[in-house]
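Structure first, then comments.
The values are calculated or read from the model by the stated rules, or taken from the named source; none is laboratory data. Note that this is a predicted model, so its numbers are computed, not measured. Glycine also receives a Cβ, built like all others from the backbone with ideal geometry; neighbour counts cover every protein chain displayed. What goes into the accessible areas is simple: the full protein's heavy atoms, side chains included, and nothing from ligands, DNA or RNA. Shrake-Rupley method; radii C 1.70, N 1.55, O 1.52, S 1.80 Å.
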Amino acid sequence: MTVSFGNYINGEWFSVKDASTNVSPSDLSDTIGEYALGTAADVDAAVAAAKAAFPKWSASVPFERHAILKRISIALFARAREIGEILSREEGKILAEGIGEVTRAAQVFEFFAAETIRLAGETIPSIRPGVGVEITREPLGVIGMITPWNFPIAIPAWKIAPALAYGNCVVIKPAELVPASVRILTEIIVESGIPSGVFNLVMGRGSVVGQRLLDHPDVVAITFTGSVATGRRVAAAAVAGPTMKKLQLEMGGKNPLIVLGDADLDVATEVAVNGAFYSTGQRCTASSRIIVTEDIHDRFVESVKKRLEKIVVGHALDQSSHIGPVVDISQFEQDLRYVEIGKAEGARLVIGGERLTRDKEGFYFAPALFTEARPEMQIAREEIFGPVAAVIRVKDYDEALAVANDTPFGLSSGICTTSLKHATHFKRHSDAGLVQVNLPTAGVDFHVPFGGRKGSSYGPREQGPYAREFFTQVKTAYTLA
Ligand code: ADP
């Protein structure tokens, strides 16, 4: 029997009227459940509840919020395996990554529990005699959150935890494809003893629930992670209404990984395979352009190809799988389409790029590696968001750097080299928000800023103490004593 899961609004779980079916991409006969498709009226009720809860919550002592966030963190650590399994079932990433992601969410809540009691202001002497100046940070109010499918619990966690830590109220809309993980997170948040109305979950479609969050005058800020196209719409809508909302957008990437002739070949191979193909390439920080100098090009391609021959694509819950299935049919078709585009553009498909058959019917895709790609090709410019990477051959470091920066995106970048000179130069001159030396472009810590430049990001950084730039507002108070 399929179980139905409803929204959580104003301290109450609601029964389901309209629902979508959450199906595992590893096994299309495996249904995780029916999840509510919320309405604009549900958003209105959630925002009204959040607005009503805000005065008390924003005035709560930090230690009250600390205790709640800490309880959420402890529950996530304790239930990491169980939730990780559901996450892997609904999203398709392998179980180790699913459990790892839940653990990451637990760490994020733990971190922000501590941040509640660490938020400090400043006192500064005035330019006027006898006057004191205090600079403090205050919460914003009701924050709307719109999240994508590729990190079903980590991305919601790194938006929810700082929002609550600094005294804001929350209405979150997770991606339609992966509502189960956030729904369980909501259960845990409810059990933490959070006051009614402070946190609300409205599942449903972007065009309905997401759109209403953007249009609602009492939502003062929107934090969004998703595609560039949706991000642009979100930005336009968020400033079009009577409330010009504070905005934080994390969008796509077309992240370059440079491999220089002096790189350690084994390190470069691991970094490239992990960065490009793990999590089925479905990470905004994935390396999709691998820029390789000609002195190491052939050896590197051969080494990556050998490594890919050993990669096992299979059911997300199968312990022997290295890579799970693609998330759904439309992403799967997009991946296949880009493989055809790459071939038509004249790039050489070295390995993969086709559908794989497994015991269960699912969206299994063989990781694809292209060589002879040129910077102007579509496969080298557009975000594919799947296990497809293109190798671009260059003469030397200078050309590699120019190609790496020649993109409308600027999220993550990487270089494999043993040269201190080139590593140092790259860290300074890469036009990306995240730079990795001898490490995969994907894979970041939770206590330091995350975000990009150019078309990849808009607004203040996420994660670590830098998150307060978005989740608080500054007040400057003058006193004549
Ligand atoms: P992805 O496919 O990577 O999840 P999308 O940008 O399509 O990226 O979706 C990201 C989030 O934005 C999802 O939660 C989706 O439902 C939501 N969304 C899509 N369209 C809109 C819209 N018009 N207004 C608000 N949110 C939207």
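Applying the criteria of a DSSP loop state and at most 11 other Cβ atoms within 10 Å to the GluC sites (Glu not before Pro) of segment 365-411 yields Glu376.
Under the combined filter of DSSP loop state and at most 15 neighbouring Cβ atoms within 10 Å, segment 231-337 retains these trypsin sites (Lys or Arg not before Pro): Lys310.
For the peptides 257-269, 11-23, the ranking by packing is 257-269, 11-23, with the highest mean count of neighbouring Cβ atoms within 10 Å listed first. In straight-distance terms, cross-link reach from Lys51 covers every one of the aspartates and glutamates whose alpha-carbon lies under 12 Å from its own, apart from those fewer than eight places away in the same chain; here that gives Asp218. The modelled label-to-label distance for the pair Ile124/Ser4, using points 7 Å beyond Cα in the direction of Cβ, is 5.6 nm.
If you restrict to DSSP beta bridges whose two residues both lie in the chain, what percentage is antiparallel, to the nearest 5?
Details: 31 of 73 bridges.
Antiparallel: roughly 40 percent of the beta bridges in the chain.
Computed from Cα atoms, the angle from the helix 40-58 axis to the main principal axis of the chain rounds to 60 degrees.
Just to confirm, what accessible area per residue do you get for segment 9-85 at 1.4 Å probe, in whole Å²? Write down the numbers at each step before the final one.
Working: 3740 Å² over 77 residues.
Accessible surface, normalised per residue, equals 49 Å².
Summing charges over neighbours of Gly443, with a neighbour being any other residue whose Cβ is under 15 Å away from its Cβ, gives -1 when K and R count +1 and D and E count -1.
Partner lysines whose Cα lies under 20 Å from the Cα of Lys343, excluding those fewer than 8 positions away in the same chain, are identified as Lys254, Lys305.
The Cβ shell under 11 Å around Thr136 holds other residues with a net charge of -1, Lys and Arg each +1, Asp and Glu each -1.
Under a no-solvent Debye model with one identical scatterer per Cα of segment 133-260, what's log10 I(q)/I(0) at q = 0.09, 0.19, 0.21 Å⁻¹? Those come out to -0.27, -1.05, -1.25, one per q. Other residues within the sphere of radius under 12 Å centred on the Cβ of Ala113, judged by their own Cβ, net out at +1 (K and R +1, D and E -1).
Calculated mean residue ellipticity at 222 nm for the chain: -12000 deg cm²/dmol, from DSSP H runs with n ≥ 4 weighted as -39500 (n - 2.57), summed, divided by the residue count and rounded to 500. For Thr136 and Arg81, a Förster radius of 41 Å and the Cβ-Cβ distance give a FRET efficiency of 0.50, rounded to the nearest 0.05.
Which links in Lys306/Lys427; Lys159/Lys454; Lys56/Lys93; Lys93/Lys421; Lys70/Lys360 stretch past 28 Å when you go from one Cα to the other? Write out the running numbers ahead of the final one.
Details: Lys306/Lys427 30 Å; Lys159/Lys454 21 Å; Lys56/Lys93 40 Å; Lys93/Lys421 37 Å; Lys70/Lys360 40 Å.
Correct reply: Lys306/Lys427; Lys56/Lys93; Lys93/Lys421; Lys70/Lys360.
Between Ser320 and Ala240, full extension at 0.36 nm per residue minus the direct alpha carbon distance yields a gain of 23.8 nm.
For the chain, what does the alpha-carbon gyration tensor say about shape, rounded, prolate or oblate, given a ≥ b ≥ c as the root eigenvalues, a/c under 1.5 as rounded, and a/b over b/c as prolate?
oblate
Label-to-label distance, Glu64 versus Tyr478, with points set 7 angstrom from Cα along the beta-carbon direction: 3.3 nm.
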